[in-house]
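Working notes, beginning with the structure itself.
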Amino acid sequence: MNHDGPGLVRLTKNASNEFSPDWSPDGTRIVFESDRDGRELDVYATSLDGRAVRRLTNAPGYDYEAVWQR
């Protein structure tokens, strides 16, 4: 979405819970948490078009509220 509100685009297209996004400092990626792999929450990052989703954590328990180091 644009900084002033319009232009909302859905980046993920699945039935999982995905939330707590945070923009990368350079504005090219978004980190978020999800249960998309059917387990506890893990942290993922995606490109702005939603195509290059990468899982960043894979450990027992819940991984959440990730933010980019600034």
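Taken together, the values in this text are just the output of simple stated rules run on the coordinates, not laboratory data. Owing to the predicted nature of the structure, the values given are computational and were not obtained by experimental measurement. FYI the Cβ positions are ideal-geometry reconstructions off the backbone, even for glycines, and counts take in every protein chain you see.
A few notes on this one:
- The mean sequence separation of alpha-carbon pairs under 8 Å and at least six residues apart, normalised by the residue count of the chain, gives a relative contact order of 27 percent.
- Taking the inverse of the mean 1/r over every pair of distinct Cα atoms in segment 30-70 gives a Kirkwood hydrodynamic radius of 10.5 Å.
- Per residue, the Cα convex hull of the chain amounts to 94 Å³.
- Rounded to the nearest 20 debye, the dipole size of the chain about its Cα centre is 280 debye, using +1 on the Cβ of Lys and Arg and -1 on the Cβ of Asp and Glu.
- Peptides 61-68, 38-45, 4-11 ranked from most to least packed, by the mean per-residue count of other Cβ atoms within 10 Å: 38-45, 61-68, 4-11.
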